[in-house]
Amino acid sequence: MKMQAVRGMQDLLPAKKRIFRYIEDLAREVFVGYGYREVGLPLIEYTNLFERLVGETTDIVEKEMYTFEDKNGESITLRPEGTAVCARFADQNGLLFNQVQRFWYHGPMFRYERPQKGRYRQFEQIGAECFGIETPDIDAELILMSARLFKLMGIEEKLSLELNSLGNEKSRARFKSDLVRFLGRYKKEIDKDSQRRLTANPLRILDSKDPGTKKILSEAPRLMDYLDVDSRSHFEMLREILDDCGVSCSVNPQIVRGLDYYNRTVFEWTTESLGAQGTVCGGGRYDSLIEQLGGKATAGIGFAIGIDRLALMLEEKEIEEKKVDIYFVSPDIEIRNTVFIMAEKLKDGIPRLSITVHCGDGKLKSQMKKADVSGARLALILGEEEFREGVVGVKFLREMADQVSIPQGELVRYCLDYFGKEKVLD
Ligand code: ATP
Ligand code: MG
């Protein structure tokens, strides 16, 4: 029996990994450009962090967590999301008192759900979180930042931004009881999960994908109509800033997000091009999260982008592979040490040069073929004759020019002239 990857885990082949890397690099550039600082968060936390912060009756905690006992008998969980972890991190490290913090992170998350296109058991997220600001300007900043990333990726046309406000606890409670009363009349008609949620977590019913339930919901009371005055003006100001900056959005009263910690602003970026897995980014405000952790009340807001889904949107767009500059050809393995000495000297002098030294056997002709396939601009050739004469052959693979022979001692100088200064580190 051949060994297989664990179900739901992905192997990222180079072409795919390149797209992931492209997205991560771009996100890093954009986020740093808004003053966000990268943090490193553990992949493993104590299970009760998620139980307490994400919520016992959410999908994540109810059925999606990878929870284990470690050798010490402690219950630990592979992180299913980053916000709770980042909040724990900020509180534990004393970063919240009287301070504003803008953080971002990226890396794998783990959820035990049914694997399908755009849904994996290990997937990558890029998240950004800001602590210490209550006003809607920061809500706008985060959304503008995500919009800029999507624009730079060239996919903004395929995405739409949907916003909602969950109000404060009081307005939510009033809404909740009216919603439960309304749905109580359709108890037998709504789907099984929603029936269960009617007592456990009624807001989540708004998230239901069941067509019958959705139809009933279209007549249900709307959270938007229950908003308290402050939440309403918070929401209006956010929409105004987005509007003034040319970011269009629509209000979707159905967005509640699957986690317990949100209040006021919640938002999603969605696409039609990925079928049922159409949400590529979700975020919102969580002003009571730090208190729930046992810390001092601190406002917070953040979002998480699913890189796997973004990568699916880019699949057709060619992210070019970085080409090799030089392919070193040497048919005789006995003199390969001279080849490595030269290649290392080249890297000392021109650190950004990308050099592939032919390793293993192979006749001159087959090595030259490999040099061509590698995309290199130059093939450097060290045969027995060149070795004896202390020179190296230079063959131009992308232009019509005769092969030249140059003294080995002049190779660095020669390549510096040929490839230019940009290959040298500043
Ligand atoms: P969904 O409704 O699709 O299950 P979610 O609401 O559970 O998404 P969030 O917890 O908001 O997702 O996570 C933020 C983003 O992470 C999602 O918008 C999505 O792009 C991505 N994501 C979530 N779960 C997965 C998964 N299992 N595989 C790949 N990407 C995921
Ligand atoms: Mg989910």
task: Say whether the condition of being more than 14 Å from the chain's Cα centre (by Cα) and within 16 Å of ligand 2 (Cβ to nearest atom) is met by at least one residue in the range 27-39.
output: no
- request: Considering every residue within the range 356-378, establish whether at least one is over 13 Å from Pro331 (Cβ atoms), over 36 Å from the mean Cα position of the chain (by Cα) and touching a residue at least 12 places away in the same chain (Cβ under 8 Å).
  value: yes
message: Given the criteria within 16 Å of ligand 1 (Cβ to nearest atom), touching a residue at least 40 places away in the same chain (Cβ under 8 Å) and within 18 Å of the chain's Cα centre (by Cα), does Glu113 qualify?
response: no
- prompt: When the residues of the range 57-86 are filtered to those that are assigned to a loop (DSSP other than H, G, I, E, B) and touching a residue at least 60 places away in the same chain (Cβ under 8 Å), which remaining residue is nearest to ligand 1 (Cβ to nearest atom)?
  reply: Glu81
message: Please go through the range 313-366 and give me each residue that is surrounded by 14 or more Cβ atoms within 10 Å (Cβ to Cβ) and on the phi > 0 side of the Ramachandran plot, ordered by number.
response: Gly362
statement: Here the residues within the range 269-291 that are away from ligand 1 (no atom under 14 Å from the Cβ) and small (Gly, Ala, Ser) are Ser288
- request: Could you look through the range 43-56, keep only residues that are within 14 Å of ligand 2 (Cβ to nearest atom) and assigned to a loop (DSSP other than H, G, I, E, B), and pick out the one that is surrounded by the most Cβ atoms within 10 Å (Cβ to Cβ)?
  value: Val54
- line: Matching residues in the range 134-161 (buried (at least 18 other Cβ atoms within 10 Å of the Cβ) and either within 16 Å of ligand 2 (Cβ to nearest atom) or of a type outside the set (D, E, K, R) (or both)) number 14
field: Residue identified as surrounded by 13 or more Cβ atoms within 10 Å (Cβ to Cβ) and within 16 Å of ligand 2 (Cβ to nearest atom) among Thr298, Thr265, Thr270
entry: Thr270
- prompt: Does the range 96-125 hold any residues that are more than 16 Å from ligand 2 (Cβ to nearest atom), within 24 Å of Gly282 (Cβ to Cβ) and surrounded by fewer than 16 Cβ atoms within 10 Å (Cβ to Cβ), and which are they?
  reply: Val100
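Bear in mind these aren't lab numbers, they're just calculated from the coordinates by the rules spelled out. Computed from a prediction, not measured in an experiment: that's the story for all the values here. Positions of Cβ are backbone-derived with ideal geometry, glycine not excepted, and every protein chain shown enters the neighbour counts.
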